[in-house]
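Worksheet for the structure shown next.
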Amino acid sequence: MSSWDQVKQIPIDDVAQLLGVKLSRQKTSRCPFPSHNDSNPSFSIDRKRNLCYCHACGVGGSVIDFAAIVTGRSPSDVVSWLRRSFHPTGIPTQSPNSFHALKNAAKLKDDAKADFHPNPEIYSRTLSLCPQTPAGRDYLRNRSITDKTQTKFSVGFVQDSRTVVQQLLSSYSEGELVKCGLLYPGKRPQFIFSDESLLFPFYVDNEVVYLQSRSLKGNGKRWMGLNGVRKPIYNLNAISGSRKLYICEGVMDALSSHELGYAAIGLIGANAEIPLSVLRSIRGKTIYMAPDNDEAGLAMARRLEDTLRKMGIQHVTQRITIGNDLNDYLVHSRKKK
């Protein structure tokens, strides 16, 4: 299958979301194309065939045509962007509206140099250079995350960031490490993750598509993600094969849910949204939301409840009765035994 055919399979709703274009679920809606001021709903989408067409201005076509018309770029530029913007699984790898800067740029080539995008090969190599240590293992044990769970989720540890950078630079260029978010741009080679940090890989199928760290030092920022790379959802592999699924906030709560015997995915940040491709994959499942027991967590639950309701997904929100989050609950329940 050619790259163009692969791109044409990306759902038009997902591409619209990345472009910041709102598409109605109604049979017809107002045309979103910039050259058409549509006063009467005349734009339709055939979601089974992944095609669109405006019956008033006579413009439409595939998802490639849709993005090209919205942005004013050539179809070949759009295909290059979409290939960088979506992982092969269909998961977006860039932030919403990320193409608008590209839309107004003078040269696509120059913009491509500034893009940040995932590199599973480099992430896997990084993880292999950061094996778990007694310090990291003991910290997680104290949070009731067993060695078995640590091994299952391939938790690593950044002991000496300078050594890791030196070893990575022996195989990859500095530009490659900057593009995938592991090094800060415009500075001497500086690793994004600090010394003495737990390292959590985000897997999709068998590929590492993201890395996040948790510093064990008392100073500075505790959690750190890749520079410029969009945060995906943690533990997406839990979706397949599970009829019941928990939605938590963060890596630790997803690991805690696993310890309690429940499949879970972790949203990175209380303001995180669930992509349409993921929402489609959880249809037919019973969803349990376990938000943090604070204002931000409860606001997240209300927002997701509305999204799940609109998608027709059965869901229940469970309040944490002890502590601030699911990990606090896990620690308390283990201490009682």
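The values are calculated or read from the model by the stated rules, or taken from the named source; none is laboratory data. All figures in this text were calculated on a predicted structure; none of them were measured in a lab. Cβ: placed from backbone, ideal geometry, glycine included. Neighbour counts: every protein chain shown. Surface accessibility is based on the protein's heavy atoms, side chains included, excluding ligands, DNA and RNA. Shrake-Rupley method; radii C 1.70, N 1.55, O 1.52, S 1.80 Å.
Computed quantities for the displayed model
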quantity: Unit charges on C-beta of K, R, D, E only; dipole of segment 114-168, Debye; calculated: 260
quantity: Pairs beyond 32 Å (Cα-Cα), from LYS22/LYS152; LYS310/LYS336; LYS148/LYS336; calculated: LYS22/LYS152; LYS310/LYS336
quantity: Solvent exposure of segment 130-284 as accessible area per residue, Å², 1.4 Å probe; calculated: 45
quantity: Inter-probe distance in nm under a simple model that places probes 7 Å from Cα toward Cβ, at SER74 and GLN314; calculated: 5.2
quantity: Loop-located GluC sites (Glu not before Pro) in segment 156-254 whose Cβ has at most 12 other Cβ within 10 Å (DSSP); calculated: none
quantity: Nitroxide proxy distance, nm - points 7 Å out along Cα→Cβ at ARG188 and GLU174; calculated: 1.1
quantity: Inter-probe distance in nm under a simple model that places probes 7 Å from Cα toward Cβ, at GLU273 and GLN159; calculated: 4.3
quantity: Cα-based Rg of segment 181-300 normalised by 2.2 N^0.38 Å, two decimals; calculated: 1.13
quantity: Charge tally in the Cβ shell below 12 Å around LYS217, where Lys, Arg are +1 and Asp, Glu are -1, LYS217 excluded; calculated: +1
quantity: Scaled radius of gyration (Cα, divided by 2.2 N^0.38 Å) that segment 179-221 gives; calculated: 1.33
quantity: Volume per residue that the Cα convex hull of segment 1-85 spans, once the total is divided by residue count, Å³; calculated: 86
quantity: Antiparallel bridges, percent of DSSP beta bridges restricted to the chain (to nearest 5); calculated: 70
quantity: Viscosity 1.306 mPa s, temperature 10 °C, Stokes-Einstein D of segment 247-327 from Kirkwood C-alpha radius, µm²/s; calculated: 125
quantity: Rg(Cα)/(2.2 N^0.38 Å) for the chain, N = residue count; calculated: 1.07
quantity: Net charge contributed by nearby residues that have their C-beta within less than 15 Å of LYS244 (K/R +1, D/E -1); calculated: +3
quantity: Theoretical FRET efficiency, 1/(1+(r/R0)^6), r = Cβ-Cβ of ASP205 and LYS335, R0 45 Å, to 0.05; calculated: 0.80
quantity: Debye intensity ratio I(q)/I(0), log10, segment 121-212, q values 0.15, 0.20 Å⁻¹ (C-alpha model); calculated: -0.57, -0.94
